[in-house]
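**Q** I am attaching a structure below and will ask some questions about it afterwards.
The values are calculated or read from the model by the stated rules, or taken from the named source; none is laboratory data. All figures in this text were calculated on a predicted structure; none of them were measured in a lab. Neighbour counts run over all protein chains shown; Cβ positions are idealised from the backbone, glycine included. Just the protein is used for accessible areas: all its heavy atoms, side chains included, with ligands, DNA and RNA removed. Shrake-Rupley method; radii C 1.70, N 1.55, O 1.52, S 1.80 Å.
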Amino acid sequence: FLEGRALSALALVALARDGDAAESERLAQAALETLPAGDVEGSIEALFRLTSAVWWPGDVRRAEGYVRQALELAAAHDLRSLQGRALRVLQWLLEVRLELDEAAELVSTFGPPPEDVLERARVLHAEASLLRLQGRLDEAVAAFEESRALFRDAGLVVDAAWAALLVGWISFVR
């Protein structure tokens, strides 16, 4: 258990600090192989690390495969927060490939706004991202602004700043 979690953490460090996608992938794969079957959350986290490691150098299709595995595992164990995270990552990967119809179909599965404030902010931000790419800029700005306010109120200033940056980008484009 502990070894697998440590390998997963090292995979994050290899990518975030060192920018070494190959080492990150190797460590995340080792984590996935080391974690016991019962450590579902640890396995999902290792799959997220693999997603990032292969996306970093541009292998979006393989990243999609890993995030879909994470989504299946989270859904099978009713881990709603991790399931939501996987859905948003998958949406983003679809947007990267400009597969906007597929991304919109995925967003339609998000359901009613979550009661959890942070999850609501994340969902709004994801929806705004798709609206922006669809050219529905007024709706995107409104959703980004709402997510920004929620992030700011929760003290997540980096997330709030990112939403504000995207509103600024829309203003620039206009």
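**Q** Relative to the longest principal axis of the chain, what angle (0 to 90°, nearest 10) does the C-alpha long axis of helix 157-173 take?
**A** So the helix axis and the longest Cα principal axis differ by about 50 degrees.
**Q** To continue, here is another question. With labels modelled as points extended 7 Å from the Cα through the Cβ direction, what inter-label distance (nm, one decimal) is found for SER81 paired with ASP116?
**A** 0.5
**Q** Do the sum for the chain: with -39,500 (n - 2.57) for every DSSP H run of n ≥ 4, divided by all residues, what is the mean residue ellipticity at 222 nm, to the nearest 500 deg cm²/dmol?
**A** -26000 deg cm²/dmol
**Q** Another question, if that's okay. Rounded to the nearest 20 debye, what is the charge dipole size of the chain about its Cα centre when +1 sits on each Lys and Arg Cβ and -1 on each Asp and Glu Cβ?
**A** Its charge dipole is roughly 340 debye.
**Q** Still on this structure: Could you tell me how many degrees, from 0 to 90 and to the nearest 10, lie between the Cα long axis of helix 21-34 and the main elongation axis, the longest principal axis, of the Cα atoms of the chain?
**A** Relative to the chain, helix 21-34 is tipped by roughly 60 degrees.
**Q** Classify the range 43-133 as rounded, prolate or oblate from the Cα gyration tensor: take a ≥ b ≥ c as the square roots of its eigenvalues, call it rounded if a/c is under 1.5, otherwise prolate when a/b beats b/c and oblate if not.
**A** oblate
**Q** Any idea of the accessible area per residue across the chain, 1.4 Å probe, to the nearest Å²?
**A** Accessible area per residue: 54 Å².
**Q** Give the calculated FRET efficiency between ALA154 and ARG97 to the nearest 0.05, with a Förster radius of 35 Å applied to their Cβ-Cβ distance.
**A** The formula returns an efficiency of 0.70 here.
**Q** Same structure, new question: Fully extended, how many nm does the chain gain between ASP18 and GLN134 (0.36 nm per residue separation, minus their Cα-Cα distance)?
**A** Between ASP18 and GLN134, full extension yields 38.3 nm more.
**Q** (i) 0.99; (ii) 1.01; (iii) 1.12: which one is Rg/Rh (Cα atoms, Kirkwood Rh) as calculated from this entry?
**A** Evaluating Rg/Rh (Cα atoms, Kirkwood Rh) on these atoms matches (i).
**Q** Could you work out how far apart the two model spin labels at TRP169 and ASP39 are, taking each label as a point 7 Å from the Cα in the direction of the beta carbon, and quote it in nm?
**A** 3.5
**Q** Work out, in µm²/s and without decimals, the Stokes-Einstein translational diffusion coefficient of the range 1-102 at 37 °C, 0.692 mPa s, Rh from Kirkwood over C-alpha pairs.
**A** 244
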